[in-house]
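Working notes, structure below.
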Amino acid sequence: SLGWVDVDHVRTRKMQLIAEAEQLKPAFMKEVDSHFTEFVNSLVAKSALLDSSSSGSLFPASCSEKELHKAKTLRAPPEHGKIFTARRSLLDELFEVSHIRTIYHMFIALLIVFILSTLLVDFIDEGRLVLGFDLLVFVFGKFPVVFCTWLCMFSATVIVPYKLLIWWAQGYCSSSHRAIRSLFYGMLFTLSGLGFGPTYIAVSYTLPPASRFIVILEQVRLVMKAHSFIRENVPRVLSSVKDKSSTVPIPRISQYLYFLFAPTLIYRDNYPRNPMIRWGYVATKFAQVLGSLFYAYYIFVRLCIPQFRNSSQETFNLRGLVLCIFNSILPGVLILFLVFFAFLHCWLNAFAEMLRFADRMFYKDWWNSTSYANYYRTWNVVVHDWLYYYAYRDFLWFFGKKFKAAAMLSVFTVSAAVHEYVLSICFGFFYPVLFCLFMCFGSKFPGQSIFILNDRRKGPIWNVIMWTSLFLGQGVIICLYSQEWYARQYCPTENPTFLDYLKPRSWSCHMKM
């Protein structure tokens, strides 16, 4: 009342207001997130409704309900599939938050620790700094063979599907045996798309592991892209023939070439594009890929090779296996993070930026998953979209919606088999550890379809269970595959038969020792 201000009272009041604001913040953020989610879902629903109404306007007003039902059961045209929109990758948005960026800095600090550890140990053992990268040189060896193989694969993917589509479409209108013609060209496309050539080269030239990964993964990627291109354009040709159109809707070769390089497996004639290329962003992403490569090198040098080189010469026992699995969890999880960050974030974003490809949703917040169903949907959105639109939905279109469980199981089995095919060719032996984990945790643990959006299991405890099982799974993968790799080195067989590639060598090798 005399014009004086009680400073202590003001400070106390300020602290009370801050405390009240902190208490209200979680509820406020939860409410905002809920309303924002409802708004986005409503927006997507309205967009789909507009698409369906616009396509429905093609039917006359006098169209009967039976005809409308029949039209709805037909295979959805391409525009009813995935909708591309301009959006950033989730990590790019999260890294703008200083708290999240600090986690990224912690991983960089861990890399520096690995480098210092390696340099100091080499200096103590050798008396000098050893700066060689023999492991990297070995795993990426025979690069000229890899490049020539990729060039042949890419050329075949450009020429064969595009020419087959043109020949089939041009003669389809005038052909009197359309079913036989379609079957003939379909068989040609299937035989050309299987691509036994890259597998033969990877095995016959004894390419090292990383080089094999490049060849085989590119083989799988190009086959999936070729299938998408044919799958999206064949219905357009059939529709034009049905409408007795004078022109055949064949995409330009430039559109197909753009799709082959674009970071998506769903073909469209046009995609949302950014106005300019940020070359600094591209350089940063490629530098992060290179840094992740060296990160993986130091993980193997410091955490994997010393452990498995010694353990592979010891007698096999249950205690050793359990210790091996738990000791492999840390390198396994770090490798998982590096694969996600280097490929799904950095590599795909770099190519998206160079091509001005605006839809950057290559993954979602898989780390918040409360089930493996949600994990598989959000870990790799690029592959999940392909499986959903071309395997799951086409399966239901062909056999009917009553077979959703069979559709999910068949798609899941094919995905697991392709993963196992890649690992078998790249490692040079068949050891279906990943396949068993896929089928065990993937199809049994979630208890629901990976293509159903509403997860029944919520809450932090399920996220903890998911992460725990993921950690253990990574430990099992690193441990068993590494033991088998070194067993094949220490216990080679003369004139191996086909069965020798299928039988686990690590079991018999340990018993011999």
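The values are calculated or read from the model by the stated rules, or taken from the named source; none is laboratory data. The model shown is predicted, which means the values in this text are computed figures rather than measured ones. Ideal geometry is used to build each Cβ from the backbone, glycine not excepted, and the neighbour counts take in all protein chains shown. Please note that ligands, DNA and RNA were not included when accessible areas were found on the heavy atoms of the full protein model with its side chains. Shrake-Rupley method; radii C 1.70, N 1.55, O 1.52, S 1.80 Å.
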Can you tell which of 290, 207, 222, 260 is in contact (Cβ under 8 Å) with a residue 24 or more places away in the chain, under 30 Å from residue 137 (Cα atoms) and surrounded by fewer than 19 Cβ atoms within 10 Å (Cβ to Cβ)?
260
Can you give me the number of residues within the range 456-490 that are open to solvent by 80 Å² or more (accessible area, probe 1.4 Å) and touching a Lys or Arg at 6+ places or on another chain (Cβ under 6 Å)?
0
Condition first: of a type in the set (Asp, Glu) and loosely packed, with under 12 Cβ neighbours inside 10 Å. Now tell me which residues in the range 94-129 satisfy that.
96, 125, 126
Residues located in the range 394-407, provided they are closer than 27 Å to residue 264 by Cα and open to solvent by less than 70 Å² (accessible area, probe 1.4 Å):
394, 395, 396, 406, 407
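Matching residues to (1) open to solvent by less than 60 Å² (accessible area, probe 1.4 Å); (2) aromatic (Phe, Trp, Tyr):
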position: 319; (1), (2): no, no
position: 326; (1), (2): no, yes
position: 329; (1), (2): yes, no
position: 333; (1), (2): yes, no
position: 341; (1), (2): yes, yes
position: 350; (1), (2): yes, no
position: 361; (1), (2): yes, no
Given the conditions (1) assigned by the TED database to the domain that holds residue 386; (2) of a type in the set (Val, Ile, Thr); (3) without any contact (Cβ under 8 Å) to a residue 60 or more places away in the chain, report the number of the one that residue 247 does not fulfil.
(1)
Pair list, Cβ < 6 Å and 6+ apart or interchain, from the range 383-399 residues that are under 17 Å from residue 263 (Cα atoms) to residues that are β-branched (Val, Ile, Thr):
385/266; 387/411
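Determine, yes or no, whether residue 357 is in contact with a His (Cβ under 9 Å, 6 or more places away or on another chain) and not β-branched (Val, Ile, Thr).
For residue 357, the condition - in contact with a His (Cβ under 9 Å, 6 or more places away or on another chain) and not β-branched (Val, Ile, Thr) - is not met.
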Checked the range 89-114 for anything assigned to a helix (DSSP H, G or I) and of a type in the set (A, V, I, L, M); matches are 90, 91, 94, 100, 103, 106, 108, 109, 110, 111, 112, 113
Do we find a residue being open to solvent by 60 Å² or more (accessible area, probe 1.4 Å), assigned by the TED database to the domain that holds residue 340 and in contact (Cβ under 8 Å) with a residue 40 or more places away in the chain anywhere in the range 491-500?
no
Any pair with Cβ under 9 angstrom, 6 or more apart, that starts in the range 341-363 at a residue that is in contact (Cβ under 8 Å) with a residue 24 or more places away in the chain and in the same structural domain as residue 103 (by the TED database) and ends at one that is surrounded by fewer than 16 Cβ atoms within 10 Å (Cβ to Cβ) and not hydroxyl-bearing (Ser, Thr, Tyr)
none
Considering only helices (runs of 4 or more DSSP H) fully contained in the range 340-406, which possess at least 2 residues that are aliphatic (A, V, I, L, M) and at negative phi?
348-354, 381-386
Condition check: farther than 19 Å from residue 384 by Cβ, modelled with pLDDT under 85 and part of a helix (DSSP H, G or I). Does residue 474 satisfy that?
no
Test each condition in (1) open to solvent by 60 Å² or more (accessible area, probe 1.4 Å); (2) over 21 Å from the mean Cα position of the chain (by Cα); (3) under 24 Å from residue 364 (Cβ atoms) for residue 281 and report the one that comes out false.
(1)
